[in-house]
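Structure record follows, encoded as structure tokens.
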Amino acid sequence: MATESIGAIAVLIREFSKLPGIGPKTAERLTHHLLAAERQTVLALADALRAIKENVHPCGQCYNLTEGELCSLCADPRRDASVICVVEQPRDLAALERAGSYRGLYHVLHGRLAPLDNIGPEQLTIDGLVRRVQKGGVQEIIMATNPTLEGDGTALFLANVLAPTGVRITRLARGLPSGSVLEFANNQMLADALEGRRTF
Ligand SMILES: [Zn+2]
């Protein structure tokens, strides 16, 4: 095994370099920082890394990441369960929550349809969304997939899948510059896009 033939320091540098935004130089700096740090500090980091994989899983209802059976949003009785906002990733949900104006629930697809990358409907949480709508009580689905070719394609696909349920389907207003990604939009832009949503 390659990991056994190279030393622990080289392994950590290599693992850090796999992270987004971290080049070989930064990976090396982080590794030497940890080598010099207190044992307790480094083990706390190791525990935190382990915990996100062992304790965090998708919410049983909306597929947001959580440590409980339901996420804190689904479990909150003050949220309006008649509206579901569909997002691509948990980080998009976080961006909309930061905007602070939305009081409904969410559904996290964990991706978008991307035929060129072989990502089809079965890789997303579409079945779970359809089941939620079929259970009743949902009056509106807000498509908040990103305003990109793939995000728009995903919204269109979902709208067709959900059409037989008769639920009202809306799309975020185009306050968002085309191609921008939800997680990088500012709070006011997101609040405006939610406010100005229109029937799909
Ligand atoms: Zn949830």
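The values are calculated or read from the model by the stated rules, or taken from the named source; none is laboratory data. Small disclaimer: the values here were computed from a predicted structure and weren't measured. So basically every Cβ, Gly included, is an ideal-geometry build from the backbone, and we count neighbours across all protein chains shown.
Need the failing condition index for Thr154 against (1) polar (S, T, N, Q); (2) more than 22 Å from Pro115 (Cα to Cα); (3) modelled with pLDDT of 95 or more, just the number.
Of (1) polar (S, T, N, Q); (2) more than 22 Å from Pro115 (Cα to Cα); (3) modelled with pLDDT of 95 or more, only one is false for Thr154: (2).
Using the structure shown, decide if Thr26 is within 16 Å of the chain's Cα centre (by Cα) and either within 14 Å of the ligand (Cβ to nearest atom) or surrounded by 11 or more Cβ atoms within 10 Å (Cβ to Cβ) (or both).
Working: within 16 Å of the chain's Cα centre (by Cα): no; either within 14 Å of the ligand (Cβ to nearest atom) or surrounded by 11 or more Cβ atoms within 10 Å (Cβ to Cβ) (or both): yes.
No: the conditions fail for Thr26.
Tally up the residues in the range 107-132 that are under 24 Å from Leu190 (Cα atoms) and in contact with a Pro (Cβ under 9 Å, 6 or more places away or on another chain), please.
Of the residues in that region, 4 qualify.
So which strands (runs of 3 or more DSSP E) are wholly in the range 85-193 and hold at least 3 residues that are touching a Lys or Arg at 6+ places or on another chain (Cβ under 8 Å) and more than 27 Å from Leu70 (Cβ to Cβ)?
Hits in the range 85-193: none.
Looking at the range 73-119, which of its residues are more than 15 Å from the ligand (Cβ to nearest atom) and free of Cβ contacts under 8 Å to residues at least 40 places away in the same chain?
If the condition is that a residue be more than 15 Å from the ligand (Cβ to nearest atom) and free of Cβ contacts under 8 Å to residues at least 40 places away in the same chain, then Gly111, Ala114, Pro115, Leu116, Asp117, Asn118, Ile119 are the ones that fit.
Got a number for residues in the range 106-126 being charged (D, E, K, R) and more than 20 Å from Asp92 (Cβ to Cβ)? Step through it out loud before you land on a result.
Residues of the range 106-126 that are charged (D, E, K, R), as a first pass: 112, 117, 122.
In the following step, the residues that additionally are more than 20 Å from Asp92 (Cβ to Cβ) were identified as 122.
Qualifying residue count, the range 106-126: 1.
Among Thr66, Thr31, which is the only one that is over 19 Å from Arg132 (Cα atoms) and either surrounded by 14 or more Cβ atoms within 10 Å (Cβ to Cβ) or more than 16 Å from the ligand (Cβ to nearest atom) (or both)?
Just one listed residue meets the conditions, Thr31.
Being surrounded by fewer than 20 Cβ atoms within 10 Å (Cβ to Cβ), within 16 Å of the ligand (Cβ to nearest atom) and within 26 Å of Gly196 (Cβ to Cβ) is the filter here; which residues of the range 134-147 pass it? Break it down stepwise before answering.
Pass one, the range 134-147, residues surrounded by fewer than 20 Cβ atoms within 10 Å (Cβ to Cβ): 134-137, 139-140.
Imposing the further condition that a residue be within 16 Å of the ligand (Cβ to nearest atom) reduces the set to 135, 137.
If the condition is that a residue be surrounded by fewer than 20 Cβ atoms within 10 Å (Cβ to Cβ), within 16 Å of the ligand (Cβ to nearest atom) and within 26 Å of Gly196 (Cβ to Cβ), then Gly137 is the only one that fits.
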